[in-house]
Amino acid sequence: MLEKNFSLKCDDVYKIDCNSPIDCNKLKIVAVLCVVLMILSVTFNSILLSIFFTRKEFRSPLNLIMIILTLFNLIGSLTELPIVIATSYAC
């Protein structure tokens, strides 16, 4: 019903020379937004982890869940976002 046909400008899908159906300028905007997101994520997750590890009053069992989530969010930001940035910027 609501199918969109994105036609590539080459015959073989696995060719490296195929043009993307998405405009390259839009992908570069996505890359810039991902850079901003990565900087904010790494900064605020690092601040939050440093607060949790330096203050003993924040080391409760409930905050342990937040520490683990913050740690995984930081690891995800450092491993996944650079790949998204590189592929978006390269079109």
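The values are calculated or read from the model by the stated rules, or taken from the named source; none is laboratory data. This is a predicted model, so every value here is computed, not measured. Here the Cβ positions follow ideal geometry from the backbone for every residue, glycine too, while neighbour counts run over all protein chains shown. These area figures cover heavy atoms from the full protein model, side chains too; ligands, DNA and RNA do not enter into them. Shrake-Rupley method; radii C 1.70, N 1.55, O 1.52, S 1.80 Å.
Applying a threshold of 7 Å to beta carbon distances and a minimum spacing of six or more residues, or different chains, the list of pairs starting in segment 77-91 at a residue that is touching a residue at least 24 places away in the same chain (Cβ under 8 Å) and ending at one that is open to solvent by 90 Å² or more (accessible area, probe 1.4 Å) and of a type outside the set (Gly, Ala, Ser) reads Leu81/Leu37. Annotation note: Cβ proximity below 6 Å between a residue of segment 55-71 that is within 15 Å of Ser41 (Cα to Cα) and a residue that is of a type outside the set (D, E, K, R) and open to solvent by less than 100 Å² (accessible area, probe 1.4 Å) (sequence gap 6+ or interchain) occurs for Ile67/Phe52; Thr70/Asn45; Thr70/Leu48; Thr70/Leu49.
Rundown of residues vs (1) under 21 Å from Ile85 (Cβ atoms); (2) open to solvent by 90 Å² or more (accessible area, probe 1.4 Å), yes/no style:
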residue: Ala31; (1), (2): yes, no
residue: Val35; (1), (2): yes, no
residue: Thr43; (1), (2): yes, no
residue: Phe52; (1), (2): no, no
residue: Arg55; (1), (2): no, yes
residue: Arg59; (1), (2): no, yes
residue: Leu69; (1), (2): no, yes
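Please go through segment 74-90 and pick out each residue that is assigned to a helix (DSSP H, G or I), open to solvent by 80 Å² or more (accessible area, probe 1.4 Å) and modelled with pLDDT of 90 or more. Ile75, Leu78, Ile83, listed by residue number. Of all residues assigned to segment 14-26, at least one qualifies as being open to solvent by less than 80 Å² (accessible area, probe 1.4 Å), assigned to a helix (DSSP H, G or I) and either in contact with a Cys (Cβ under 6 Å, 6 or more places away or on another chain) or at pLDDT 90 or above (or both).
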